[in-house]
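The values are calculated or read from the model by the stated rules, or taken from the named source; none is laboratory data. These numbers were taken from a predicted model, which means no experiment stands behind them. When we count neighbours, we look across all protein chains shown, and the Cβ atoms used for this are built from the backbone with ideal geometry, even at glycine. Areas reflect the complete protein model, heavy atoms only, side chains present, ligands, DNA and RNA absent. Shrake-Rupley method; radii C 1.70, N 1.55, O 1.52, S 1.80 Å.
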Amino acid sequence: MNVGETVDVIANARIGGAGRELMPLASIDDAEPYDVFLSGGRIVDIAPAGLARRSGAVLDAAGAWLVPGMWDHHVHAVPWALEAQRVSLAHTGSAVEAAAAMADAPVLGDGRRVGSGFRDGLWSEPPSLDMLDRHTGESPTYLVNADLHSAWLNSAALRREGWASSDGFVREENAFELARRLGDLDEATLDRAVEGMARRAAARGIVGVVDMHMEWGGDDWARRASAGLDLLRVDVATYTHRLEQTLNDGLATGDALDGGGLIRMGPYKVISDGSLGTRTAACSHAYRASRSIEPDGATGYLNVEPDELIEHLTRAAGGGLRAAVHAIGDVAVAHALDGFAASGAAGSIEHAQLVRHADIARFARLDVVASVQPTHAVEDRDLVDDLWADQTSAPYAFRALHEAGTNLVFGSDAPVSALDPWRQVAAAVFRSDDARAPWQPENALDAATALAASTRGGSAAEQRILPGESADLVLVAEDPLAAGERELREMPVAATLLAGRITHLAV
(Lines give C-alpha, C1' and ligand atoms only; values in the text may rest on other atoms or scores of the structure.)
Protein backbone atom coordinates (compact mmCIF):
# COMPACT_ATOMS: atom_id res chain seq x y z
CA MET A 1 0.00 0.00 0.00
CA ASN A 2 1.00 3.65 -0.44
CA VAL A 3 0.52 7.02 1.20
CA GLY A 4 -2.90 8.37 0.27
CA GLU A 5 -4.64 4.99 0.03
CA THR A 6 -7.53 4.05 2.30
CA VAL A 7 -7.18 0.92 4.41
CA ASP A 8 -9.99 -1.58 4.93
CA VAL A 9 -8.14 -3.99 7.21
CA ILE A 10 -5.09 -3.57 9.43
CA ALA A 11 -3.90 -7.15 9.65
CA ASN A 12 -1.68 -8.77 12.27
CA ALA A 13 -1.56 -5.82 14.66
CA ARG A 14 -0.96 -6.02 18.38
CA ILE A 15 -3.23 -3.76 20.38
CA GLY A 16 -1.37 -1.16 22.44
CA GLY A 17 -2.12 1.92 24.41
CA ALA A 18 -4.79 3.04 26.80
CA GLY A 19 -8.05 1.12 26.74
CA ARG A 20 -6.80 -2.22 25.46
CA GLU A 21 -8.04 -3.83 28.67
CA LEU A 22 -11.55 -2.83 27.57
CA MET A 23 -11.36 -4.70 24.26
CA PRO A 24 -14.70 -6.31 23.41
CA LEU A 25 -13.21 -9.79 23.42
CA ALA A 26 -13.61 -12.57 25.97
CA SER A 27 -9.90 -12.32 26.60
CA ILE A 28 -7.00 -10.53 25.02
CA ASP A 29 -3.36 -11.48 24.90
CA ASP A 30 -1.35 -8.38 24.11
CA ALA A 31 1.32 -10.56 22.52
CA GLU A 32 -1.14 -11.99 19.99
CA PRO A 33 -2.01 -10.28 16.68
CA TYR A 34 -5.47 -9.03 15.74
CA ASP A 35 -7.17 -7.85 12.58
CA VAL A 36 -8.78 -4.41 12.80
CA PHE A 37 -11.51 -3.66 10.26
CA LEU A 38 -12.17 -0.09 9.13
CA SER A 39 -14.99 1.61 7.25
CA GLY A 40 -16.17 5.17 6.85
CA GLY A 41 -13.23 6.50 8.81
CA ARG A 42 -13.94 4.37 11.87
CA ILE A 43 -13.09 1.04 13.44
CA VAL A 44 -15.97 -1.37 12.79
CA ASP A 45 -14.66 -4.69 14.11
CA ILE A 46 -11.69 -6.35 15.79
CA ALA A 47 -10.97 -10.08 15.63
CA PRO A 48 -8.04 -12.42 16.28
CA ALA A 49 -5.80 -12.40 13.21
CA GLY A 50 -7.12 -14.60 10.42
CA LEU A 51 -10.39 -15.45 12.17
CA ALA A 52 -12.57 -13.22 9.98
CA ARG A 53 -12.40 -12.92 6.19
CA ARG A 54 -10.24 -10.05 4.99
CA SER A 55 -11.35 -8.07 1.97
CA GLY A 56 -10.43 -4.81 0.31
CA ALA A 57 -7.18 -2.99 0.96
CA VAL A 58 -5.13 -4.76 3.61
CA LEU A 59 -2.25 -3.15 5.49
CA ASP A 60 -0.11 -5.84 7.11
CA ALA A 61 1.10 -4.56 10.47
CA ALA A 62 3.45 -7.54 10.79
CA GLY A 63 3.12 -7.52 14.57
CA ALA A 64 3.50 -3.77 15.08
CA TRP A 65 1.56 -2.15 17.91
CA LEU A 66 -1.61 -0.21 17.06
CA VAL A 67 -2.29 2.90 19.16
CA PRO A 68 -4.62 5.89 18.82
CA GLY A 69 -3.56 8.77 16.58
CA MET A 70 -1.44 11.39 18.33
CA TRP A 71 -2.32 15.06 18.74
CA ASP A 72 -0.12 18.03 19.51
CA HIS A 73 -2.35 20.48 21.36
CA HIS A 74 -0.04 23.50 21.11
CA VAL A 75 1.94 24.28 17.95
CA HIS A 76 3.07 27.53 16.33
CA ALA A 77 2.90 26.09 12.85
CA VAL A 78 4.59 28.75 10.72
CA PRO A 79 7.55 29.41 13.05
CA TRP A 80 8.08 25.66 13.39
CA ALA A 81 7.83 25.16 9.64
CA LEU A 82 10.43 27.90 9.10
CA GLU A 83 12.76 26.56 11.77
CA ALA A 84 14.80 24.60 9.23
CA GLN A 85 15.81 27.90 7.57
CA ARG A 86 17.13 29.38 10.81
CA VAL A 87 20.47 28.95 12.54
CA SER A 88 20.08 26.79 15.63
CA LEU A 89 21.31 28.48 18.80
CA ALA A 90 20.11 25.73 21.10
CA HIS A 91 23.57 24.71 22.21
CA THR A 92 25.09 28.17 22.71
CA GLY A 93 26.10 28.66 26.33
CA SER A 94 26.82 32.37 26.40
CA ALA A 95 25.96 35.66 24.76
CA VAL A 96 29.29 35.70 22.94
CA GLU A 97 28.70 32.20 21.55
CA ALA A 98 25.24 33.12 20.32
CA ALA A 99 26.43 36.36 18.70
CA ALA A 100 29.39 34.61 17.06
CA ALA A 101 27.14 31.87 15.70
CA MET A 102 25.28 34.53 13.69
CA ALA A 103 28.41 36.12 12.20
CA ASP A 104 28.30 33.97 9.07
CA ALA A 105 24.61 33.06 9.11
CA PRO A 106 22.97 32.84 5.69
CA VAL A 107 20.88 35.78 4.52
CA LEU A 108 17.32 34.66 3.83
CA GLY A 109 15.25 35.73 0.86
CA ASP A 110 13.70 38.58 2.83
CA GLY A 111 17.14 40.03 3.62
CA ARG A 112 17.20 38.93 7.25
CA ARG A 113 19.54 36.61 9.11
CA VAL A 114 17.61 34.63 11.72
CA GLY A 115 18.73 32.32 14.50
CA SER A 116 16.55 30.70 17.13
CA GLY A 117 16.58 28.59 20.25
CA PHE A 118 18.93 30.44 22.62
CA ARG A 119 18.26 30.34 26.38
CA ASP A 120 19.82 33.32 28.08
CA GLY A 121 18.40 32.71 31.55
CA LEU A 122 21.62 31.09 32.75
CA TRP A 123 24.17 33.09 30.73
CA SER A 124 26.91 34.38 32.99
CA GLU A 125 27.32 37.71 31.17
CA PRO A 126 24.50 39.95 29.94
CA PRO A 127 24.07 40.32 26.18
CA SER A 128 24.46 43.79 24.74
CA LEU A 129 23.63 45.57 21.53
CA ASP A 130 27.27 46.47 21.00
CA MET A 131 28.33 42.84 21.36
CA LEU A 132 25.87 41.69 18.70
CA ASP A 133 26.77 44.55 16.36
CA ARG A 134 30.48 43.69 16.55
CA HIS A 135 29.77 40.15 15.35
CA THR A 136 27.02 40.80 12.79
CA GLY A 137 27.75 44.20 11.23
CA GLU A 138 25.15 45.83 9.01
CA SER A 139 23.14 42.73 8.04
CA PRO A 140 19.77 42.78 9.86
CA THR A 141 20.19 39.95 12.36
CA TYR A 142 17.59 38.42 14.65
CA LEU A 143 18.11 35.92 17.46
CA VAL A 144 14.80 34.50 18.70
CA ASN A 145 14.61 33.17 22.24
CA ALA A 146 13.65 29.52 22.61
CA ASP A 147 10.53 30.61 24.51
CA LEU A 148 9.40 33.07 21.76
CA HIS A 149 8.84 35.81 24.37
CA SER A 150 11.95 37.80 23.54
CA ALA A 151 14.44 38.34 20.73
CA TRP A 152 17.88 39.92 20.44
CA LEU A 153 18.31 42.22 17.43
CA ASN A 154 21.33 44.06 16.11
CA SER A 155 21.15 47.76 15.24
CA ALA A 156 20.45 47.08 11.57
CA ALA A 157 17.49 44.89 12.49
CA LEU A 158 16.14 47.44 14.97
CA ARG A 159 16.27 50.13 12.28
CA ARG A 160 14.53 47.87 9.80
CA GLU A 161 11.70 47.14 12.24
CA GLY A 162 11.43 50.74 13.44
CA TRP A 163 12.26 49.94 17.06
CA ALA A 164 14.72 51.27 19.62
CA SER A 165 16.29 49.16 22.38
CA SER A 166 19.29 49.92 24.56
CA ASP A 167 20.36 46.27 24.84
CA GLY A 168 18.94 45.04 21.53
CA PHE A 169 16.17 43.03 23.19
CA VAL A 170 12.47 43.17 22.36
CA ARG A 171 10.08 41.39 24.68
CA GLU A 172 6.51 40.20 24.96
CA GLU A 173 4.20 42.11 22.57
CA ASN A 174 7.07 43.35 20.38
CA ALA A 175 8.47 39.81 20.29
CA PHE A 176 5.06 38.52 19.21
CA GLU A 177 4.83 41.20 16.54
CA LEU A 178 8.29 40.15 15.36
CA ALA A 179 7.10 36.54 15.03
CA ARG A 180 4.28 37.76 12.80
CA ARG A 181 6.67 39.79 10.66
CA LEU A 182 9.18 36.95 10.29
CA GLY A 183 6.35 34.72 9.12
CA ASP A 184 4.97 37.26 6.65
CA LEU A 185 6.37 35.58 3.54
CA ASP A 186 4.83 34.79 0.18
CA GLU A 187 2.22 32.02 0.09
CA ALA A 188 4.31 29.64 -2.00
CA THR A 189 7.26 29.79 0.40
CA LEU A 190 5.09 29.31 3.46
CA ASP A 191 3.02 26.53 1.92
CA ARG A 192 6.13 24.54 0.97
CA ALA A 193 7.49 24.91 4.49
CA VAL A 194 4.17 23.96 6.11
CA GLU A 195 3.77 20.92 3.86
CA GLY A 196 7.21 19.74 4.95
CA MET A 197 6.19 20.27 8.56
CA ALA A 198 3.00 18.27 8.06
CA ARG A 199 4.89 15.35 6.53
CA ARG A 200 7.37 15.29 9.40
CA ALA A 201 4.50 15.40 11.89
CA ALA A 202 2.69 12.50 10.22
CA ALA A 203 5.94 10.53 10.25
CA ARG A 204 5.91 10.78 14.06
CA GLY A 205 2.33 9.53 14.35
CA ILE A 206 0.58 12.90 14.55
CA VAL A 207 -2.93 13.11 13.10
CA GLY A 208 -3.87 16.56 14.40
CA VAL A 209 -2.52 19.82 15.81
CA VAL A 210 -3.88 22.92 17.47
CA ASP A 211 -2.21 25.80 15.62
CA MET A 212 -1.51 28.63 18.06
CA HIS A 213 0.28 30.81 15.50
CA MET A 214 -0.05 34.45 16.51
CA GLU A 215 -1.41 35.47 13.11
CA TRP A 216 -4.75 34.09 11.90
CA GLY A 217 -4.11 30.99 9.82
CA GLY A 218 -7.61 29.73 9.07
CA ASP A 219 -7.72 30.98 5.48
CA ASP A 220 -4.19 29.72 4.81
CA TRP A 221 -4.93 26.25 6.14
CA ALA A 222 -8.19 26.09 4.18
CA ARG A 223 -6.32 27.03 1.00
CA ARG A 224 -3.70 24.35 1.65
CA ALA A 225 -6.36 21.73 2.27
CA SER A 226 -8.15 22.66 -0.95
CA ALA A 227 -4.83 22.29 -2.78
CA GLY A 228 -4.45 18.74 -1.45
CA LEU A 229 -2.56 19.07 1.84
CA ASP A 230 -4.61 16.52 3.76
CA LEU A 231 -2.12 15.01 6.22
CA LEU A 232 -3.40 16.60 9.44
CA ARG A 233 -6.48 17.78 11.24
CA VAL A 234 -5.89 21.38 12.30
CA ASP A 235 -7.71 23.46 14.89
CA VAL A 236 -6.83 27.12 14.28
CA ALA A 237 -6.64 29.58 17.18
CA THR A 238 -7.58 33.24 17.12
CA TYR A 239 -6.09 35.96 19.33
CA THR A 240 -7.38 39.09 21.04
CA HIS A 241 -6.46 41.39 18.16
CA ARG A 242 -8.82 39.33 15.96
CA LEU A 243 -11.45 38.29 18.48
CA GLU A 244 -14.13 40.73 17.34
CA GLN A 245 -13.59 39.76 13.70
CA THR A 246 -13.93 36.07 14.62
CA LEU A 247 -17.14 36.73 16.54
CA ASN A 248 -18.53 38.89 13.71
CA ASP A 249 -17.81 36.04 11.30
CA GLY A 250 -19.94 33.79 13.50
CA LEU A 251 -17.15 31.26 14.02
CA ALA A 252 -17.43 28.97 17.04
CA THR A 253 -14.92 26.41 18.19
CA GLY A 254 -15.36 23.25 16.11
CA ASP A 255 -16.81 24.94 13.02
CA ALA A 256 -15.36 23.66 9.75
CA LEU A 257 -13.13 26.10 7.89
CA ASP A 258 -12.70 23.94 4.78
CA GLY A 259 -14.89 21.71 2.65
CA GLY A 260 -13.47 18.45 3.95
CA GLY A 261 -13.70 19.19 7.65
CA LEU A 262 -9.99 18.75 8.36
CA ILE A 263 -9.56 22.43 9.25
CA ARG A 264 -11.69 23.71 12.11
CA MET A 265 -12.06 26.75 14.28
CA GLY A 266 -9.98 26.28 17.40
CA PRO A 267 -9.81 28.24 20.66
CA TYR A 268 -9.52 31.89 21.50
CA LYS A 269 -5.95 32.31 22.75
CA VAL A 270 -4.93 35.01 25.22
CA ILE A 271 -1.40 35.44 26.57
CA SER A 272 -1.90 36.52 30.17
CA ASP A 273 1.75 36.65 31.27
CA GLY A 274 5.29 36.09 30.04
CA SER A 275 7.70 33.17 30.30
CA LEU A 276 10.22 31.59 32.63
CA GLY A 277 13.18 31.98 30.28
CA THR A 278 12.51 35.67 29.66
CA ARG A 279 11.76 36.15 33.37
CA THR A 280 8.41 37.74 32.65
CA ALA A 281 6.02 35.02 33.89
CA ALA A 282 3.97 36.54 36.72
CA CYS A 283 5.06 34.90 39.98
CA SER A 284 4.30 35.37 43.65
CA HIS A 285 7.99 35.39 44.62
CA ALA A 286 10.93 37.14 43.00
CA TYR A 287 13.14 35.44 40.48
CA ARG A 288 16.50 34.44 41.90
CA ALA A 289 18.91 35.56 39.19
CA SER A 290 22.16 37.40 38.75
CA ARG A 291 20.38 39.90 36.56
CA SER A 292 16.84 40.82 35.62
CA ILE A 293 15.83 41.80 32.13
CA GLU A 294 13.83 44.73 33.47
CA PRO A 295 14.43 46.79 36.60
CA ASP A 296 10.85 46.25 37.78
CA GLY A 297 10.56 42.68 36.51
CA ALA A 298 11.73 40.77 39.56
CA THR A 299 8.43 38.91 39.85
CA GLY A 300 7.40 39.11 36.20
CA TYR A 301 4.15 40.76 35.21
CA LEU A 302 0.73 40.27 33.67
CA ASN A 303 0.20 41.08 30.01
CA VAL A 304 -3.55 41.21 30.63
CA GLU A 305 -5.11 42.55 33.80
CA PRO A 306 -7.63 40.29 35.59
CA ASP A 307 -10.72 42.39 34.80
CA GLU A 308 -9.74 42.62 31.16
CA LEU A 309 -9.16 38.87 31.03
CA ILE A 310 -12.65 38.21 32.40
CA GLU A 311 -14.11 40.58 29.81
CA HIS A 312 -12.31 38.79 26.96
CA LEU A 313 -13.28 35.32 28.20
CA THR A 314 -16.91 36.36 28.61
CA ARG A 315 -17.01 37.73 25.04
CA ALA A 316 -15.43 34.58 23.66
CA ALA A 317 -17.73 32.24 25.58
CA GLY A 318 -20.78 34.16 24.40
CA GLY A 319 -19.74 33.49 20.82
CA GLY A 320 -19.14 29.77 21.34
CA LEU A 321 -15.36 29.93 21.51
CA ARG A 322 -13.39 27.81 23.93
CA ALA A 323 -10.56 29.69 25.57
CA ALA A 324 -6.87 28.83 25.77
CA VAL A 325 -5.24 31.05 28.38
CA HIS A 326 -1.45 31.17 28.39
CA ALA A 327 -0.46 31.31 32.05
CA ILE A 328 2.98 30.23 33.27
CA GLY A 329 3.62 31.91 36.63
CA ASP A 330 1.52 31.01 39.68
CA VAL A 331 -0.01 34.49 39.85
CA ALA A 332 -1.12 34.28 36.22
CA VAL A 333 -2.47 30.73 36.71
CA ALA A 334 -4.53 31.88 39.70
CA HIS A 335 -5.97 34.80 37.72
CA ALA A 336 -6.71 32.50 34.77
CA LEU A 337 -8.66 30.14 37.01
CA ASP A 338 -10.51 33.13 38.46
CA GLY A 339 -11.28 34.23 34.91
CA PHE A 340 -12.79 30.88 33.97
CA ALA A 341 -14.86 30.86 37.16
CA ALA A 342 -16.17 34.41 36.66
CA SER A 343 -16.87 34.16 32.92
CA GLY A 344 -18.24 30.64 32.67
CA ALA A 345 -15.91 30.04 29.74
CA ALA A 346 -14.76 26.54 28.87
CA GLY A 347 -11.23 25.73 27.85
CA SER A 348 -7.65 25.27 28.94
CA ILE A 349 -4.75 26.89 30.70
CA GLU A 350 -1.73 26.63 28.44
CA HIS A 351 1.58 25.70 30.12
CA ALA A 352 0.59 26.00 33.82
CA GLN A 353 4.26 25.69 34.70
CA LEU A 354 4.02 27.01 38.25
CA VAL A 355 0.82 26.38 40.21
CA ARG A 356 -0.05 27.26 43.78
CA HIS A 357 -0.79 24.12 45.80
CA ALA A 358 -4.22 25.53 46.62
CA ASP A 359 -4.99 25.95 42.92
CA ILE A 360 -4.19 22.40 41.80
CA ALA A 361 -7.65 21.09 42.73
CA ARG A 362 -9.37 24.10 41.10
CA PHE A 363 -8.54 22.86 37.60
CA ALA A 364 -10.79 19.84 37.95
CA ARG A 365 -13.47 21.69 39.93
CA LEU A 366 -13.75 24.27 37.16
CA ASP A 367 -13.32 21.63 34.42
CA VAL A 368 -10.32 23.53 33.06
CA VAL A 369 -7.93 21.49 30.94
CA ALA A 370 -4.21 21.64 31.72
CA SER A 371 -2.50 21.91 28.32
CA VAL A 372 1.12 21.18 29.18
CA GLN A 373 4.44 20.46 27.48
CA PRO A 374 6.42 17.74 29.30
CA THR A 375 9.63 18.43 27.38
CA HIS A 376 9.62 21.93 28.84
CA ALA A 377 9.97 20.37 32.29
CA VAL A 378 13.18 18.54 31.43
CA GLU A 379 14.56 21.33 29.23
CA ASP A 380 13.84 23.98 31.88
CA ARG A 381 14.97 22.01 34.94
CA ASP A 382 18.11 24.11 35.42
CA LEU A 383 16.18 27.35 34.96
CA VAL A 384 13.58 26.22 37.50
CA ASP A 385 16.19 25.16 40.02
CA ASP A 386 17.93 28.53 39.66
CA LEU A 387 15.45 31.25 38.73
CA TRP A 388 12.51 29.74 40.65
CA ALA A 389 14.52 28.49 43.63
CA ASP A 390 12.60 30.81 45.98
CA GLN A 391 9.13 29.95 44.67
CA THR A 392 6.82 28.06 47.02
CA SER A 393 4.38 26.89 44.33
CA ALA A 394 4.65 23.59 42.44
CA PRO A 395 6.57 23.56 39.13
CA TYR A 396 5.48 21.21 36.34
CA ALA A 397 3.16 19.33 38.70
CA PHE A 398 1.73 16.89 36.17
CA ARG A 399 1.00 14.00 38.51
CA ALA A 400 -0.53 16.26 41.15
CA LEU A 401 -2.85 17.78 38.55
CA HIS A 402 -3.76 14.35 37.19
CA GLU A 403 -4.45 12.88 40.63
CA ALA A 404 -6.68 15.87 41.38
CA GLY A 405 -8.83 14.86 38.40
CA THR A 406 -7.57 17.38 35.84
CA ASN A 407 -7.75 16.47 32.16
CA LEU A 408 -4.21 16.74 30.76
CA VAL A 409 -3.43 17.32 27.11
CA PHE A 410 0.11 17.39 25.75
CA GLY A 411 1.72 19.63 23.18
CA SER A 412 5.18 20.71 22.11
CA ASP A 413 4.79 24.49 21.80
CA ALA A 414 6.91 23.98 18.66
CA PRO A 415 9.32 25.56 17.88
CA VAL A 416 9.98 25.90 21.62
CA SER A 417 10.48 22.13 21.58
CA ALA A 418 10.33 19.64 18.73
CA LEU A 419 7.00 18.61 17.21
CA ASP A 420 7.32 15.00 18.36
CA PRO A 421 4.71 13.43 20.67
CA TRP A 422 6.98 10.58 21.70
CA ARG A 423 9.43 13.02 23.25
CA GLN A 424 6.53 14.49 25.24
CA VAL A 425 5.38 11.09 26.46
CA ALA A 426 8.91 10.02 27.40
CA ALA A 427 9.56 13.27 29.27
CA ALA A 428 6.30 12.90 31.21
CA VAL A 429 7.06 9.31 32.20
CA PHE A 430 10.80 9.49 32.87
CA ARG A 431 11.27 13.21 33.75
CA SER A 432 14.65 13.35 32.01
CA ASP A 433 16.05 13.71 28.51
CA ASP A 434 19.73 13.22 29.26
CA ALA A 435 22.00 11.07 31.42
CA ARG A 436 21.01 12.86 34.62
CA ALA A 437 18.69 11.37 37.21
CA PRO A 438 14.97 12.11 36.79
CA TRP A 439 14.00 15.62 37.81
CA GLN A 440 11.29 15.78 40.48
CA PRO A 441 10.19 12.18 39.75
CA GLU A 442 7.29 12.50 42.18
CA ASN A 443 5.44 14.28 39.37
CA ALA A 444 6.10 11.63 36.71
CA LEU A 445 3.09 10.06 35.01
CA ASP A 446 2.45 6.45 34.11
CA ALA A 447 2.77 5.60 30.43
CA ALA A 448 -0.95 4.98 29.88
CA THR A 449 -1.88 8.44 31.18
CA ALA A 450 0.90 10.12 29.19
CA LEU A 451 -0.15 8.34 26.00
CA ALA A 452 -3.79 9.26 26.55
CA ALA A 453 -2.82 12.92 27.08
CA SER A 454 -1.37 12.85 23.56
CA THR A 455 -4.68 11.84 21.98
CA ARG A 456 -7.53 14.08 20.88
CA GLY A 457 -9.52 14.06 24.09
CA GLY A 458 -6.67 13.99 26.58
CA SER A 459 -6.07 11.90 29.66
CA ALA A 460 -9.70 11.98 30.83
CA ALA A 461 -11.37 11.11 27.53
CA GLU A 462 -8.80 9.32 25.39
CA GLN A 463 -9.52 7.68 22.08
CA ARG A 464 -9.44 3.90 22.39
CA ILE A 465 -8.92 0.98 20.06
CA LEU A 466 -12.58 -0.06 20.02
CA PRO A 467 -15.31 -0.52 17.39
CA GLY A 468 -16.98 2.81 16.76
CA GLU A 469 -13.87 4.85 17.50
CA SER A 470 -12.11 7.00 14.94
CA ALA A 471 -9.70 5.32 12.52
CA ASP A 472 -7.06 7.94 13.33
CA LEU A 473 -4.43 5.35 14.18
CA VAL A 474 -0.69 4.77 14.43
CA LEU A 475 1.40 1.61 14.07
CA VAL A 476 4.58 1.66 16.16
CA ALA A 477 7.43 -0.78 16.68
CA GLU A 478 7.29 -1.02 20.48
CA ASP A 479 4.57 -1.37 23.07
CA PRO A 480 4.47 2.20 24.44
CA LEU A 481 3.22 0.96 27.80
CA ALA A 482 6.32 -1.19 28.31
CA ALA A 483 9.03 0.73 26.41
CA GLY A 484 12.13 2.10 28.10
CA GLU A 485 13.06 5.76 28.07
CA ARG A 486 15.12 5.73 24.88
CA GLU A 487 12.73 3.39 23.06
CA LEU A 488 9.78 5.60 23.94
CA ARG A 489 11.50 8.85 22.98
CA GLU A 490 12.73 7.49 19.64
CA MET A 491 9.65 5.35 18.93
CA PRO A 492 9.77 4.08 15.31
CA VAL A 493 6.48 4.81 13.52
CA ALA A 494 5.56 2.28 10.85
CA ALA A 495 2.36 3.92 9.60
CA THR A 496 -0.03 6.74 10.40
CA LEU A 497 -3.68 6.68 9.35
CA LEU A 498 -6.10 9.62 9.27
CA ALA A 499 -9.71 8.37 9.09
CA GLY A 500 -8.29 5.15 7.68
CA ARG A 501 -6.23 6.86 4.99
CA ILE A 502 -2.45 6.43 5.07
CA THR A 503 -0.61 9.69 5.72
CA HIS A 504 2.75 8.10 6.50
CA LEU A 505 4.21 4.71 5.64
CA ALA A 506 7.75 3.76 6.60
CA VAL A 507 9.81 2.35 3.76
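List of remarks:
- Pairwise centroid distance, computed over Cα atoms, of segment 465-483 with segment 226-280, Å: 28 Å
- Cα gyration tensor shape of segment 82-184, rounded if a/c is under 1.5, else prolate or oblate by comparing a/b with b/c: rounded
- Ordering Ala298, Ala90, Ala225 by the projection of their Cα atoms onto the charge dipole of the chain, which places +1 on the Cβ of Lys and Arg and -1 on the Cβ of Asp and Glu, puts Ala225 at the extreme positive end.
- Efficiency of FRET from Cβ geometry, Asp184 and Ser139, R₀ 22 Å, rounded to 0.05: 0.70
- Nearest-20 debye value, segment 261-361 charge dipole, Cβ charges on Lys, Arg, Asp, Glu: 400 debye
- For the pair segment 164-215 and segment 440-463, the centres of their Cα atoms are 27 angstrom apart.
- Across all C-alpha atoms in segment 36-108, the radius of gyration and Dmax reach 23.7, 66 Å.
- Charge dipole magnitude, Cβ of K and R +1, D and E -1 - segment 150-290, Cα centre, debye nearest 20: 600 debye
- MRE, 222 nm, helices only [DSSP H, n ≥ 4, -39500 (n - 2.57), over the chain, to nearest 500]: -7500 deg cm²/dmol
- Helix 330-343 vs. the chain, principal-axis angle (Cα, 0 to 90°, nearest 10): 60 degrees
- Which of Phe430, Phe410 is most accessible, then next, and so on - probe 1.4 Å: Phe430, Phe410
- Around Arg399: net Lys/Arg minus Asp/Glu count, Cβ-Cβ under 14 Å: -2
- Karplus-derived 3J(HN,Hα) values for segment 469-477, using 6.51 cos²θ - 1.76 cosθ + 1.60 with θ = phi - 60°, are 7, 4, 8, 8, 9, 9, 9, 10, 6 Hz; glycine and proline are entered as x.
- Amide H to amide H distances under 5 Å link Asp273 with Asn303, Ile328, where only residues 5 or more positions off or on other chains count and H is placed in the peptide plane.
- Length gained on full extension, Arg159 to Asp385, computed as 0.36 nm times the residue gap minus the Cα-Cα distance: 77.6 nm.
- Put simply, the amide H of Ser39, placed in the peptide plane, has neighbours under 5 Å in Val44, leaving out anything fewer than 5 places away on its chain.
- Hull volume per residue, based on the alpha-carbon atoms of the chain and their convex hull, is 144 Å³.
- Taken about its Cα centre, segment 46-126 carries a charge dipole of about 460 debye when Lys and Arg each add +1 at the Cβ and Asp and Glu each add -1 at the Cβ.
- Protection-proxy order for peptides 125-135, 320-330, 49-59, each taking the mean of Cβ atoms within 10 Å per residue, highest first: 320-330, 125-135, 49-59
- Each label was represented as a point 7 Å from its Cα along the Cα-to-Cβ direction; for Asp130 and Arg242 these points are 4.2 nm apart.
- Separation of alpha-carbon centers, segment 297-354 and segment 42-98, rounded to whole Å: 31 Å
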